[in-house]
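Asker: Got a structure here, written out as structure tokens. Questions coming.
The values are calculated or read from the model by the stated rules, or taken from the named source; none is laboratory data. It should be emphasised that the depicted structure is a prediction, and the values quoted were computed from it without experimental measurement. For neighbour counting, all protein chains shown are included, and Cβ atoms are generated from backbone atoms with ideal geometry for every residue, glycine included. All accessible areas refer to the heavy atoms of the entire protein, side chains included, with ligands and DNA or RNA removed. Shrake-Rupley method; radii C 1.70, N 1.55, O 1.52, S 1.80 Å.
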Amino acid sequence: QVQLVESGGGLVQPGGSLRLSCAASGIAFSFYAMGWYRQAPGKQRELVATISSGGSTNYADSVKGRFTISRDNAKNTVYLQMDSLKPEDTAVYFCKASWLSFNYWGQGTQVTVSS
């Protein structure tokens, strides 16, 4: 059974930081590209950042220079370090695992940026 479990969300003030984690089980993690996506109320889900099985990264323009995606294959975990958070970063953050035609999603974790 495949499981992706996100954690680390919460309430933070503008300018603050959070680190999200996504622990995967039931997949050969090192083969999978991993991604973080987010969905704000009333909006479509959007790409935040991805990291390939080889470690190449890609970011949405809105988070470049503020967010960092990384992975630890020994722990089957992908991370999203979020710095200089803005109110517009408020959303439910989801992780996704992708390999060939296989795609799996986590249940999401809420991030709220507010004073």
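Asker: Express the accessible area of region 52-95 per residue in Å², computed with a 1.4 Å probe while the remaining protein chains stay in the model.
Answerer: Details: 2100 Å² over 44 residues.
Solvent-accessible surface per residue comes out at 48 Å².
Asker: If we restrict to alpha carbons, what Rg and Dmax does the chain come to, in Å?
Answerer: When restricted to the Cα atoms of the chain, Rg and Dmax are 13.3, 42 Å.
Asker: Related question: To the nearest 0.05, how large is the calculated FRET efficiency for SER30 and LYS64 if R₀ is 35 Å and r is the Cβ-Cβ distance? Walk me through the numbers on the way to the answer.
Answerer: Values: r = 26 Å, r/R0 = 0.74.
About 0.85, to the nearest 0.05.
Asker: Quick check: at a probe of 1.4 Å, how many percent of the accessible area of the chain sits on carbon and sulfur atoms? Mind showing how you got there, number by number?
Answerer: Details: 2880 of 5990 Å².
Carbon plus sulfur share of accessible area: 48 percent.
Asker: Would you list the P(r) distribution for region 1-69, with all Cα-Cα distances sorted into 10 Å bins from 0 and each bin expressed as a whole %?
Answerer: 17, 47, 31, 5
Asker: While we're on this one: Of ASP61, ASP89, which has the most accessible area and how do the rest follow, probe 1.4 Å?
Answerer: Values: ASP61 125, ASP89 0 Å².
Result of the area sort, largest leading: ASP61, ASP89.
Asker: Which trypsin sites (Lys or Arg not before Pro) in region 11-89 sit in a loop by DSSP (not H, G, I, E or B) and have at most 16 other Cβ atoms within 10 Å of their own Cβ?
Answerer: Details: sites: ARG19, ARG38, LYS43, ARG45, LYS64, ARG66, ARG71, LYS75; in loops: LYS43, ARG45, LYS64, ARG66, LYS75.
Passing both the DSSP loop test and the Cβ count: LYS43, ARG45, LYS64, ARG66, LYS75.
Asker: Report the accessible area of GLU88, computed with a 1.4 Å probe over the heavy atoms of all protein chains in place, in Å² rounded to the nearest 10.
Answerer: Probe radius 1.4 Å; accessible area of GLU88 about 120 Å².
Asker: Let me ask another. Ranked by accessible surface with a 1.4 Å probe, highest first, in what order do THR109, THR68 come?
Answerer: On the way: THR109 20, THR68 75 Å².
Greatest to least solvent exposure: THR68, THR109.
Asker: How high is the relative contact order of the chain, in percent, with contacts defined as C-alpha pairs under 8 Å that are six or more residues apart?
Answerer: Numbers: 275 pairs, mean separation 41.2, N = 115.
That works out to 36 percent.
Asker: Anyone know which of GLN44, GLN13, GLN81 comes out most mobile in the 10 Å Cα GNM of the chain?
Answerer: Evaluated over the chain, the most mobile residue of the options is GLN44.
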